[in-house]
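Quick notes on the structure that follows.
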Amino acid sequence: MVIRIQEADFDLGAEIKEIRKGDLQVGAVVSFVGTVRDLNDGSQLTSMTLEHYPGMTEKALEEIADQAKSRWDIRNTLIIHRIGPMLPEDQIVLVAVTSAHRREAFAACEFIMDYLKTAAPFWKKEVTSEGGRWVDARVADEVAMARWNKS
C-alpha cells in the first residue's frame, strides 16, 4: 500500500508501472484519476485549493485501503491526493488497485474513491466567478458510500 499527500502533480504512467513492478500475480490494474473541472454548480471555476489535516488524513486513507483489502482479493493499492492550489484540468487524485482479476480491482477502486470523497479529511475551497466558497460533501457521494455498507 502506498499513500501520498503532495502538492506536486503525478505521472499516471510512471505510477501505474511502479505499483505493478515485480508482482507477476498482477493480472489487472484499475485506476481512477480525478481532475479539476472548470464548472461547478453552474459557476465558472477559476481555481481550487485543497487542504488537509497532516497525519489524520494519511491515517484515514490507510484505513480506507485496509477496508478494501479486507473485502476484495487485491494485491496492492496506491492513493495519491494532491493539496494546495490547482487550476481547471489539473489532476487532483489517483487511486490505483492491482489484483489477479479485473472484477476485484474495479470494485476495490470504486470503493476507495467513494470512501475517499466522504470519509477523508480534506477541505476544498473553490474560487468562482461569484467569489470563493468552501465545498460541502455532495448527497450523491454519501449515497454512493452508503451502498457499500449494505454488502
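The values are calculated or read from the model by the stated rules, or taken from the named source; none is laboratory data. The model shown is predicted, which means the values in this text are computed figures rather than measured ones. So basically every Cβ, Gly included, is an ideal-geometry build from the backbone, and we count neighbours across all protein chains shown.
Below are the figures for this structure:
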quantity: Test result for Ile92, touching a Gly at 6+ places or on another chain (Cβ under 8 Å), closer than 27 Å to Arg133 by Cα, of a type in the set (A, V, I, L, M) and surrounded by 16 or more Cβ atoms within 10 Å (Cβ to Cβ); calculated: yes
quantity: Any hit, the stretch 120-132, residues being at pLDDT 90 or above, among the charged types (D, E, K, R) and within 11 Å of the chain's Cα centre (by Cα); calculated: no
quantity: Those residues of the stretch 62-90 which are among the β-branched types (Val, Ile, Thr) and assigned to a strand (DSSP E or B), in sequence order; calculated: Ile74, Thr77, Ile79, Ile80
quantity: Search result, residues across the stretch 28-42 that are surrounded by 15 or more Cβ atoms within 10 Å (Cβ to Cβ) and over 14 Å from the mean Cα position of the chain (by Cα); calculated: Ala28, Val29, Asn40
quantity: Candidate set from the stretch 67-89 (those that are polar (S, T, N, Q) and in contact (Cβ under 8 Å) with a residue 60 or more places away in the chain); member that is surrounded by the fewest Cβ atoms within 10 Å (Cβ to Cβ); calculated: Asn76
quantity: Out of Lys17, Lys59, sole residue that is within 28 Å of Ala146 (Cβ to Cβ) and not in a loop (DSSP other than H, G, I, E, B); calculated: Lys59
